[in-house]
Amino acid sequence: MSQREIDRLDMIQRVLRKELKGVEAAKLLHLSPRHVKRLKRTVEKHGTKGLIHGNRGKPSNRQIPKEEREKIVILLKEKYPDFKPTHASEKLACVHKIRRDPKTVRRIMIAEGLWKERRGRTKGTHRSWRARKERFGEMQQFDGSYHHWFEDRGGTGEVCLLLSIDDATGIITKAEFAEHEGVFPVFAFWKEYLLVHGKPRTIYLDKFSTYKMNQKVAVENHETRTQFQRAMESLQIEDISAHSPEAKGRVERVFETLQDRLVKEMRLAGINTREEGNCYLEETFLPWFNRRYVVEATASGDLHQPLMLKEKNRLDSIFSRHTERTVGNDFTVSFNKAWYQLVKGQPATICKKDKVTVEERLDGSIHIRLRGKSLNHEILPKRPKRASQTIPWVLPAMPNQPGALESVRRPAPDHPWRQPILKSALSTYRSH
């Protein structure tokens, strides 16, 4: 019996012994007088067992049939041993037509040792939630996650997943597997994004070196920018740096979900390479994910701004690595161990010592710009190496050293080079 049932039994027995009235017992037990009368009749008829629920200790009438439970256990152990309960219940319903609540699947997984109950979270520092933006396209949270997305199939190892999620709706607007989170993969990501969706109002990201310079000199000098900041400024897109992972929690939580679900879905689909993964993301996974987890925005409307024709024409130039170089006296520019000759006919006047911008574009081509004009140039062959000069004399050879040179050329005692030295030494000797 539970403690509550023991307490009720004591009160009912007092009523039967005329120590308490039924109204008083009802008040003490927080029950109605009518229910106390029913309990009194039950105890008189069945004794102590009358207060215990009749179904206690008996199997539930709503329990899963034994055959179905055994089938679920076999499927969980063979195909979904590392799936979480909700994900496993979805696969059972979608693939095997077994529709059971995630809590039911969770109890089965706990009983079979496939899932461990989580302990309650300890209370930490209080943080207030930032409200979502009101409209789609008002803010994009962007980040990259290094993970064994393909579980090292095909020797892929760790791969970086670049992802952008809309702050207002929770829609993953774009996701792409890349080699790393460097300048060129990020530039390629956002170039494709702008061509499809247009320009978002703001981009919320962390302080990774691709997006923000964190050195003390850069912090003190606000004009020091990264390549990404320069590109966003030229497109009039505001970039905001988060001071902690919790500040951009939406994209962080999405990565946590994808590291569980996406990895397993690609395993089931037989996806082994980055190219296959990008196709699977675009065609299958993202449409399902966005339907499953979309949130309705507070206000209607899309704040993405379409690209103007002038901006589209400049995208290749904007999303390229810019480096400043100086024009030499022979009108050449040195960049990345190569020499570029500026030819005679140019769209802009070039002077010696002019500062030009060398653009290293996504397709690997090199462009040189001056005052917004693209300069005509030719790549020069490598400069010939200087011929090695013969040394007139060498140091004495060490004794017993194999291959040592035999003689050393030394100036004669009366050599003109020694004359000033001899005269000064002779005058010093005579003075003494």
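The values are calculated or read from the model by the stated rules, or taken from the named source; none is laboratory data. The structure presented is a predicted model; accordingly, all values stated were derived computationally and were not measured. We place every Cβ from the backbone using ideal geometry, glycine too, and count neighbours over all the protein chains shown.
Considering (1) assigned to a loop (DSSP other than H, G, I, E, B); (2) of a type outside the set (F, W, Y); (3) more than 22 Å from F187 (Cα to Cα), say which one L362 fails and leave the rest.
(3)
List the pairs whose first member sits in the range 224-241 and is surrounded by 13 or more Cβ atoms within 10 Å (Cβ to Cβ) and at pLDDT below 90, whose second member is of a type in the set (D, E) and assigned to a helix (DSSP H, G or I), and whose Cβ atoms are under 8 Å apart, counting only residues at least 6 apart or on separate chains?
Cβ pairs passing all conditions: R225/E233.
Kindly indicate which of L114, L20 is on the phi < 0 side of the Ramachandran plot, in contact with a Lys or Arg (Cβ under 6 Å, 6 or more places away or on another chain) and not in a helix (DSSP H, G or I).
L20
When you scan the range 70-83, do you find a residue that is touching a Phe, Trp or Tyr at 6+ places or on another chain (Cβ under 9 Å), without any contact (Cβ under 8 Å) to a residue 40 or more places away in the chain, not hydrophobic (A, V, I, L, M, F, W, C) and not assigned by TED's automatic domain parsing to the domain that holds Q259, even just one?
No, there is no match, as no residue in the range 70-83 is touching a Phe, Trp or Tyr at 6+ places or on another chain (Cβ under 9 Å), without any contact (Cβ under 8 Å) to a residue 40 or more places away in the chain, not hydrophobic (A, V, I, L, M, F, W, C) and not assigned by TED's automatic domain parsing to the domain that holds Q259.
Please give the number of the condition A348 fails out of (1) within 30 Å of I165 (Cα to Cα); (2) outside any strand (DSSP E or B).
Among (1) within 30 Å of I165 (Cα to Cα); (2) outside any strand (DSSP E or B), A348 violates only (1).
Taking the condition under 22 Å from the mean Cα position of the chain (by Cα), part of a helix (DSSP H, G or I) and in the same structural domain as L163 (by TED's automatic domain parsing), does L286 pass?
Judged against the criteria, L286 is a match.
For the range 116-137, state whether one or more residues are among the polar types (S, T, N, Q), over 20 Å from I240 (Cα atoms) and crowded, with 19+ Cβ neighbours inside 10 Å.
Taking every residue of the range 116-137 in turn, none turns out to be among the polar types (S, T, N, Q), over 20 Å from I240 (Cα atoms) and crowded, with 19+ Cβ neighbours inside 10 Å.
What's the number of the condition V254 fails, among (1) part of a helix (DSSP H, G or I); (2) of a type outside the set (G, A, S); (3) loosely packed, with under 15 Cβ neighbours inside 10 Å; (4) within 24 Å of the chain's Cα centre (by Cα)?
For V254, the exception is condition (3).
Being modelled with pLDDT of 90 or more, closer than 22 Å to A178 by Cβ and not assigned by TED's automatic domain parsing to the domain that holds V356 is the requirement here; does N272 meet it?
yes
Quick one: in the range 300-311, which of the residues that are outside any strand (DSSP E or B) and in contact with a strand residue (DSSP E or B) (Cβ under 9 Å, 6 or more places away or on another chain) is farthest from K191 (Cα to Cα)?
Among those residues, the one meeting the criterion is S300.
Out of T42, T48, T86, I need the residue that is without any contact (Cβ under 8 Å) to a residue 12 or more places away in the chain and in a helix (DSSP H, G or I). Which one?
Among T42, T48, T86, only T42 is without any contact (Cβ under 8 Å) to a residue 12 or more places away in the chain and in a helix (DSSP H, G or I).
Tell me yes or no: at least one residue of the range 358-365 is surrounded by 14 or more Cβ atoms within 10 Å (Cβ to Cβ), modelled with pLDDT of 75 or more and not charged (D, E, K, R).
yes
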